[in-house]
Amino acid sequence: MRVVRFYAPRDVRVEDAPEPTAGPGELVVRVRNCSLCGTDAKIWRSGHPDLRPPRVLGHEVAGEVVEVGEGVGGWSVGDRVQVVAAVPDGTCHECRQGWMSVCPNQERIGYHHDGGFAELLRVPATVLAVDGVNRVPDGLSFAEASLAEPLSCVLNGQELARVGQGQTVVVVGAGPIGCLHVRLARARGAARVFLVELSRRRLALAAGLVAPDEAVDAGASDAVAAVRELTGGRGADVIVVAAASGQAQEDAVAMAARRGTVSFFGGLPKDRPSITVDANLVHYREVGIVGANGSSPDHNKQALELIAAGEVPVADLITHRLPLELTVEGIHAVTRGEAMKLTVEPAYSGVT
Ligand SMILES: [Zn+2]
């Protein structure tokens with residue numbers, strides 16, 4: 001079969017590999033869609049400490065079961081499935097608290113295990129053990145189902161930031177994740193959602209898709225002043241920073257209303273992880289700052305349901321469909337920020 005394998009930063013190859021088989025407790029899935037994510041671009045550029053090369057990349061997976069391993073109940077050949085990316089151990093202190101997104105023993109598809117930029121994906125037994133395979137509802141395409149993974153991370157972020165009814169929410173960063181944040185905030189009952197972005201072109205593309213109540217061009221205006229003005233000086237209830245920018249994080253704290261919450265949804269470059277915050281703003285205004293790290297298997301289930309129910313539509317966010325052979329070009333397109341969501345569609349040529 002054909003796969004996309006990471007060997008080293010800037011060395012990602014499309015090549016042949018042996019077809020996987022399902023061992024005890026495992027499934028083999030024919031990948032119908034594996035969508036590209038900003039993380040794939042980051043990995044291409046600089047690798048990742050959890051990724052041991054050579055490794056097949058790709059972690060936003062939907063496809064069909066083609067083989068069921070010994071001892072696996074509930075799944076049959078032909079079932080349409082979505083597979084989680086983050087695999088918690090399910091047994092540690094954090095998992096027992098229900099905080100599976102911060103399981104210290106978490107493994108990930110496309111990092112510790114071979115991923116979905118391949119014709120076939122072996123689903124490890126550890127994924128099935130945490131109920132990490134979800135049935136794709138009838139009528140939902142594989143491409144849409146593959147976006148359950150990024151939406152599950154967005155859902156975890158908005159739960160932690162307690163996005164809810166009647167709020168004014170600011171989303172900073174107008175990539176696919178920012179668009180999902182805008183739509184999920186609406187689904188959770190936010191009254192007004194503003195989208196802030198440095199790139200005018202990207203802002204226009206995203207605003208055309210998700211129609212925020214206000215689109216703030218942070219390259220041409222003072223975004224903090226704009227948010228203060230749009231909220232009558234009160235500030236926003238929740239600010240989600242879905243951009244790898246320390247400046248955006250600092251600005252977000254300054255945008256917060258009294259009792260507001262700031263979500264550092266995106267990580268910062270590992271060589272520049274520090275920011276400067278006016279601690280007295282946080283202190284006197286009782287501002288909360290929360291992180292967000294991936295998602296749990298349950299978030300994946302909920303995300304798939306939100307997409308299937310039409311509460312968070314995703315089909316229009318998928319602007320590009322690529323064959324497996326063009327995955328590296330797709331990664332470059334993600335880096336350039338010229339597309340919204342790209343999805344890879346491996347055309348399996350083997351016999352199933
Ligand atoms: Zn755990």
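Throughout, read-outs are computed from the coordinates displayed, never taken from laboratory work. This structure is a prediction, so every number in the text was calculated from the model and none was measured. All Cβ positions, even for glycine, are placed from backbone atoms using ideal geometry, and neighbour counts span all protein chains on display.
For segment 157-169, the Karplus equation 6.51 cos²θ - 1.76 cosθ + 1.60, evaluated at θ = phi - 60°, returns couplings of x, 6, 5, 5, 8, 6, 5, x, 3, x, 7, 9, 10 Hz by residue, with Gly and Pro reported as x. Rounded to the nearest 10 degrees, the angle from helix 200-210 to the longest Cα principal axis of the chain is 70 degrees. Backbone phi angles across segment 74-81, fed through the Karplus curve with coefficients 6.51, -1.76 and 1.60 (θ = phi - 60°), yield HN-Hα couplings of x, 10, 10, 4, x, 5, 8, 9 Hz in residue order; Gly and Pro are listed as x. Ranked by the mean number of other Cβ atoms within 10 Å of their residues, highest first, the peptides 310-316, 205-211 come out as 205-211, 310-316.
Between amide H atoms placed 1.01 Å from N, distances below 5 Å from Leu322 occur with Thr343, Val344, Glu345, all of them 5 or more places distant or on a separate chain.
The phi-based Karplus calculation (6.51 cos²θ - 1.76 cosθ + 1.60; θ = phi - 60°) puts the 3J(HN,Hα) values of segment 95-109 at 4, 5, 6, x, 9, 5, 5, 10, 4, x, 9, 4, 10, 9, 5 Hz, whole numbers, x for Gly and Pro. Within a straight-line Cα-Cα reach of under 30 Å, Lys270 can be paired with the following lysines, leaving aside sequence neighbours fewer than 8 residues apart in one chain: Lys42, Lys341. Across the chain, the mean sequence separation of Cα contacts (distance under 8 Å, 6 or more residues apart), normalised by length, yields a relative contact order of 20 percent.
Centre-to-centre, using Cα atoms only, segment 126-165 and segment 221-242 are separated by 29 Å. Taking other C-beta atoms within 10 angstrom as a stand-in for reagent exposure, Lys270, Lys301 fall in the order Lys270, Lys301, fewest first. By the helix-only formula, in which each DSSP H run with n ≥ 4 contributes -39500 (n - 2.57) and the sum is divided by residues, the chain has a 222 nm mean residue ellipticity of -8500 deg cm²/dmol. A straight Cα-to-Cα reach below 13 Å connects Lys301 with the aspartates and glutamates Asp131, Glu149, residues fewer than 8 places away in its own chain not being considered.
Of all DSSP beta bridges confined to segment 16-136, the antiparallel ones make up roughly 95%.
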